[in-house]
Each structure stands twice: as C-alpha cells, then as structure tokens.
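Structure record follows, encoded as structure tokens.
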C-alpha cells in the first residue's frame, strides 16, 4: 500500500503556489482526486522536496507569467507618469 498525504497536510510542507507549480511541471500527480479532498503519494512529495533542496525550482505556470508581465507593465506606467509630473 502506498503512503499518502492529503492536500491540506501537503500545504503544511510545501506552499500552495509551489504545489501548483510542481504539479503543472509534471513533478508529481495526485493519486486520487475527489470533490472533497485530494491525496498525494508521500514518495512523490519526498522527491519534490529533494529537488527543491538540490536547488531546482518548478517554472511559473502560464497564468503566473501573464500576471507578472501585467505587474511589470503597471510598474513601468507608474514610473513613466511619475517622472513626467513636476514635483509639488
């Protein structure tokens, strides 16, 4: 029998964002997913933790990339308007 961990307990070991990124990158997949809970293999979780300890980090998911680009555009726009306005 495979040892497993529920998502709420997994989030105590890894952050939700990290779980989402690692899952999207294919580092690990849920063993079973139901409407009320999802379970993950403890062996898979240990492998993800080893990769993180080795300095690997899962890439951003596409929605995070878009959000980061929008944030950068907002910062650039704010900086551009801030430099154009005279000091009061």
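The values are calculated or read from the model by the stated rules, or taken from the named source; none is laboratory data. On a predicted model such as this, the values are computed, not experimentally measured, just so you know. Cβ atoms come from the backbone with ideal geometry, glycine included; neighbour counts cover every protein chain shown.
Filter the range 15-30 down to the residues that are surrounded by 14 or more Cβ atoms within 10 Å (Cβ to Cβ) and within 14 Å of residue 4 (Cβ to Cβ), then identify the one that is modelled with the lowest pLDDT. So that I can check it myself, show each step before the final result.
Filtering the range 15-30 down to residues surrounded by 14 or more Cβ atoms within 10 Å (Cβ to Cβ) leaves 18-25, 27-28, 30.
Still in the running and within 14 Å of residue 4 (Cβ to Cβ): 28, 30.
Values: 28: 87, 30: 84.
Filtering first and then ranking leaves 30.
Got a number for residues in the range 33-45 being loosely packed, with under 13 Cβ neighbours inside 10 Å and either touching a helix residue (DSSP H, G or I) at 6+ places or on another chain (Cβ under 8 Å) or without any contact (Cβ under 8 Å) to a residue 24 or more places away in the chain (or both)?
Number satisfying all stated conditions: 5.
Residues in the range 4-14 that are surrounded by 11 or more Cβ atoms within 10 Å (Cβ to Cβ) and over 12 Å from residue 48 (Cβ atoms): how many?
5
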